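This report refers to the structure that appears directly beneath it.
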Amino acid sequence: MLKRISALLAALFLCAVLSGCSFVMFDAQALMSPPKSNIDQQSIHKLLQGSRQDITFIYPKSGEYRSAIIMRDFTGDGREDAIGFCALEDDSVEVQFLVKSEEDVWKTVFTARNPATQVDRVCFGDLNGDGRSDVLIGWGSTSGVTGRTAQVCAYLYDDAGDITEYTLGSYGEMTVTDFDDDGVDELFTADKYVAPTEEGGEALPAKGRVYAYRDGAIQEIFSADADNSITSYSAVTFGRLYPELSGIVLDGVKADGSMTTQIFVIDPVRGRLVNLPSGVNSETYQNPFSRPAAAPFLSRDINGDGVVEIPVTTLLPGIADSVTPDFTSFLVAWSVYDEKDGARSVLSALMNPVENYWFELPYGLKGKISASNDVAKRTVTYTEVIPGKDGEMPLLGAPLFSIRVFTQSAWDSRGQTSGYELLALQSDLVYGIQVLTSDAKYSYAIDRVKQNFRLISE
């Protein structure tokens, strides 16, 4: 089936390129429709369709699970169950939970309708500690710069074979966590600021919230103020902040395109949710993790030490005001949260996420190197920087080395012969470095660049 779909898409692409034909006649959702190649899939499809003559599947727009029919064991019996989404005539969305009996007969055990016109995402977690995968569905959309148009609902299956729906709050971002390492998950959400809809009305401030199963129900147990200036969220990560503390690292974008990172932890002493650094939304609030729109790096465990690092960016020296900076124009100090100073750098790197690579910058080159990115040639040239005298702007000196991305065929024909040395291979791409200086004082640093070169995703 995958081969047939791939062949169809390839044919459509060639048609568009060679003859200019339009895709209007093709429905993208139809191309993604779940296959009907076996009895199980046919039975599930029939139950979802019900008495309707036809069915329009709804696909989650974000998250890990993007199928209109998600196979997952939510009953805990060791066999896959099914969760299916389809549109109703009034443009609302219906979800059905389906299980397979011991007689191999599929049946619908729960149906819910939501007025949302789409599904944002589906997550799973054990919220009540019974060992089953509870289902969390984000209904609606989190798109747009304001408003809270997505709402999360939780669905818990019990020993009696029933499913209980819990309608929780709105959100702009959400993730399933286990803050206290007790083996039972919690749900974290963050929403966005909403201005008053009418004169004299009240604004809705942004909040981070933690939901947990307490006293036989899922309920909000903690909340904390979130940054009101965030218009959209880019990424959410739950992980270690340092060996003794876990928390949520939340990257967000402001109206001007700049980015910042918030950290949410549960204070073990006072038993409340805390947003770090403290003082969010106050006049004196300064976030040490703010970065410009040209440097939209996302938090991650960059060095594989099990701790989430957050990017702190500085424009490289020697870049003229007339040059529009991009990813490659910044030194990124990957930092961990420090209670005293706010951020503590653990690794300095030059990044090129568009071409999927980075390298740790040797200490001897800090403050002494700049970068120029030739997108067309897929080449970044790194140049020495000569400090200015008496407060003058630094000057660009001689080029030190360049890193270029070749296709395999281009590398075979001219890569090594043009003076490039192999750094890494990935699929059909070859990464090469060319040393452009004969100055011996840079030899050790450039060798360190070669040793420190890494692909972002492999």
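Annotations
- All positions within the stretch 73-99 that are over 15 Å from ILE163 (Cα atoms) and either in contact with an Asp or Glu (Cβ under 8 Å, 6 or more places away or on another chain) or hydrophobic (A, V, I, L, M, F, W, C) (or both): ARG79, GLU80, PHE85, CYS86, ALA87, LEU88, VAL93
- Contact annotation: residue pairs with Cβ atoms under 9 Å, 6 or more positions apart or on different chains, pairing a residue in the stretch 89-103 that is more than 18 Å from ALA154 (Cβ to Cβ) and open to solvent by less than 10 Å² (accessible area, probe 1.4 Å) with a partner that is modelled with pLDDT under 95 and assigned to a loop (DSSP other than H, G, I, E, B), are SER92/PRO115; SER92/ALA116; SER92/THR117.
- Whichever residue in the stretch 49-72 is in a strand (DSSP E or B) and touching a residue at least 24 places away in the same chain (Cβ under 8 Å) and, among such residues, is farthest from ASP162 (Cα to Cα): PHE57
- Selection of the stretch 399-417 for residues being in contact with a Lys or Arg (Cβ under 9 Å, 6 or more places away or on another chain) and either at pLDDT below 95 or at positive phi (or both) yields only GLY415.
- Taking the stretch 62-85 as the range and being out of contact with any Gly (no Cβ under 9 Å at 6 or more places or on another chain) and either surrounded by 20 or more Cβ atoms within 10 Å (Cβ to Cβ) or under 15 Å from TRP139 (Cβ atoms) (or both) as the test, the residues that pass are TYR65, PHE74, ASP81, ALA82, ILE83, GLY84, PHE85.
- Residue count, the stretch 334-367 (criterion: small (Gly, Ala, Ser) and either in a loop (DSSP other than H, G, I, E, B) or buried (at least 21 other Cβ atoms within 10 Å of the Cβ) (or both)): 2
- Filter pass, VAL274 being closer than 26 Å to ASP181 by Cα, β-branched (Val, Ile, Thr), more than 20 Å from the chain's Cα centre (by Cα) and at pLDDT 90 or above: yes
Conditions tested, residue by residue: (1) of a type in the set (A, V, I, L, M); (2) touching a Phe, Trp or Tyr at 6+ places or on another chain (Cβ under 8 Å); (3) loosely packed, with under 15 Cβ neighbours inside 10 Å; (4) more than 20 Å from LYS377 (Cβ to Cβ).
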site: THR417; (1), (2), (3), (4): no, no, yes, no
site: LEU423; (1), (2), (3), (4): yes, yes, no, no
site: LEU429; (1), (2), (3), (4): yes, yes, no, no
site: ILE433; (1), (2), (3), (4): yes, yes, no, no
site: THR437; (1), (2), (3), (4): no, yes, no, no
site: SER443; (1), (2), (3), (4): no, no, yes, yes
site: VAL449; (1), (2), (3), (4): yes, yes, no, no
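- Test: residue in the stretch 102-115 that is under 28 Å from the mean Cα position of the chain (by Cα), under 22 Å from GLN219 (Cβ atoms) and in a strand (DSSP E or B): yes
- Neighbours by Cβ (under 9 Å, 6+ apart or cross-chain): first from the stretch 421-433, without any contact (Cβ under 8 Å) to a residue 24 or more places away in the chain; second open to solvent by 40 Å² or more (accessible area, probe 1.4 Å) and part of a strand (DSSP E or B): ASP428/THR407
The values are calculated or read from the model by the stated rules, or taken from the named source; none is laboratory data. What you see is a predicted model; the values in this text were computed from it and never measured. Heads up, the Cβs are rebuilt from the backbone with ideal geometry, glycines too, and the neighbour counts pull from every protein chain shown. Each accessible area value is taken on the protein alone, full model and side chains, heavy atoms only, with ligands, DNA and RNA left out. Shrake-Rupley method; radii C 1.70, N 1.55, O 1.52, S 1.80 Å.
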